[in-house]
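Have a look at the structure below, then the notes.
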Amino acid sequence: MLTRVLVIAANSYREAVRARVLLGLFAVALASTLYSLVVANLSMREEARVIADVGAASISLFAVFAAIILGATSLHREIEYKTLFPILTRPVRRHEYLVGKYLGIVATLTVFVLLDGAAVLLLLALQAGAPPSKVGVAFGALVAALVVALVRAKRTRVFVLLPWAVAAAVVAVVLAAPATDERRLVVASSVLTISEVAIVAAVATLFSSFSSPYLTSAFTLGIFLVGRSSDTLGNLPPRIFTEEVARIGRILAKIFPNLHVYVPARSLLLGRLPDIPVWPYVGAAVAHAVCYSVVLLCVGALIFRKRDFA
């Protein structure tokens with residue numbers, strides 16, 4: 001079972017990485033990260049903070065868009081081009097196929113976040129006073145290693161990005177050591193973003209198991225917006241919104257995943273709240289994402305098993 005799921009995940013990852021929409025979103029995300037330099041130059045001695053905040057927000061926003069688009073289109077594309085049917089005639093169960101597609105999407109989104117986060121950390125390193133020559137040599141070495149790996153791995157080029165993205169993120173974290181607090185914020189925010197997009201991708205996978213890509217995108221975006229507003233909906237004042245509206249808000253806050261957990265206050269990510277340590281909070285958020293994703297995938301698998309493709 002695990003082998004079949006991993007093979008499907010690998011194929012899903014290969015298709016997602018080659019998607020033009022994803023490449024376009026990544027280009028816009030990098031452009032937003034570079035734009036943070038312009039905004040930082042307009043600030044008064046808060047350059048590192050601006051780069052970290054704008055960069056973290058950019059990573060979160062565009063990763064969520066990528067999760068919605070990939071989750072809504074990946075399965076539908078297989079059905080539309082009828083490439084799904086030969087696969088299901090083999091000893092592959094439908095829930096294995098669905099889980100494999102989801103894992104491939106999550107792997108793609110992880111690479112997306114790691115590369116964008118590495119770009120933000122490299123800018124932080126330069127802003128915090130790291131020698132430009134040191135950053136340039138490290139970046140050149142990473143690019144050279146990528147080129148060599150792509151040339152040598154002719155048949156598995158798309159998979160080279162997985163370990164390379166991890167290596168790039170690690171190198172960027174080391175180089176950004178002078179910006180201790182802002183580095184912690186970007187790293188913690190990136191981990192939280194990966195967790196959040198895992199939930200968003202699971203929601204999209206659930207809806208794509210029985211709906212069209214347009215409705216899937218709309219439903220997923222709606223749930224994302226409700227999830228980001230969960231704390232507000234759960235605490236609507238009855239004096240202003242009436243008791244009935246406040247009750248509906250509390251019900252929605254309990255049903256939908258609380259995605260506000262993944263965009264905590266800046267002071268928390270900087271470790272300035274002694275009652276809420278950063279990394280235990282991040283670990284709890286990751287566990288929360290895993291639980292929600294498993295539940296959503298189970299429901300999606302049950303629906304997908306009963307779907308009639310005739």
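Summary of values
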quantity: The stretch 86-97, residues that are surrounded by 11 or more Cβ atoms within 10 Å (Cβ to Cβ) and either among the β-branched types (V, I, T) or in a helix (DSSP H, G or I) (or both); calculated: I87, L88, V92, R94, H95, E96, Y97
quantity: Failed condition for V294, given (1) over 19 Å from the mean Cα position of the chain (by Cα); (2) under 23 Å from I105 (Cβ atoms); (3) surrounded by fewer than 18 Cβ atoms within 10 Å (Cβ to Cβ); calculated: (1)
quantity: Search result, residues across the stretch 255-310 that are among the polar types (S, T, N, Q) and outside any loop (DSSP other than H, G, I, E, B); calculated: S267, S293
quantity: Checking P131 against (1) closer than 19 Å to L23 by Cβ; (2) surrounded by fewer than 18 Cβ atoms within 10 Å (Cβ to Cβ), the condition it does not meet; calculated: (1)
quantity: From the options V226, V197, V203, V186, residue that is over 30 Å from A172 (Cα atoms) and either at pLDDT 90 or above or acidic (D, E) (or both); calculated: V203
quantity: Hey, L109 in a helix (DSSP H, G or I), within 20 Å of the chain's Cα centre (by Cα) and either surrounded by fewer than 22 Cβ atoms within 10 Å (Cβ to Cβ) or at pLDDT below 90 (or both) or not; calculated: no
quantity: Test result for L142, under 25 Å from A125 (Cα atoms) and over 19 Å from the mean Cα position of the chain (by Cα); calculated: yes
quantity: Flag if T3 is more than 21 Å from L296 (Cβ to Cβ) and in contact with a Gly (Cβ under 8 Å, 6 or more places away or on another chain); calculated: no
quantity: Residue in the stretch 265-293 that is farthest from A188 (Cα to Cα), counting only those that are of a type in the set (A, V, I, L, M) and touching a residue at least 40 places away in the same chain (Cβ under 8 Å); calculated: V290
quantity: Index of the failed condition, I68 passing every other in (1) in contact with a helix residue (DSSP H, G or I) (Cβ under 6 Å, 6 or more places away or on another chain); (2) at pLDDT below 85; calculated: (2)
quantity: Helices (runs of 4 or more DSSP H) wholly inside the stretch 142-254 containing at least 3 residues that are surrounded by 15 or more Cβ atoms within 10 Å (Cβ to Cβ); calculated: 157-175, 180-208, 213-228
quantity: Residue match in the stretch 238-257 (condition: in contact (Cβ under 8 Å) with a residue 24 or more places away in the chain and basic (K, R)); calculated: no
quantity: Residues of the stretch 38-53 classified as in a helix (DSSP H, G or I) and of a type in the set (S, T, N, Q), total; calculated: 1
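The values are calculated or read from the model by the stated rules, or taken from the named source; none is laboratory data. Worth saying up front: this structure is predicted, and the values here are computed from it rather than measured. Note: ideal-geometry Cβ built from the backbone for every residue, glycine included; neighbour counts use all protein chains shown.
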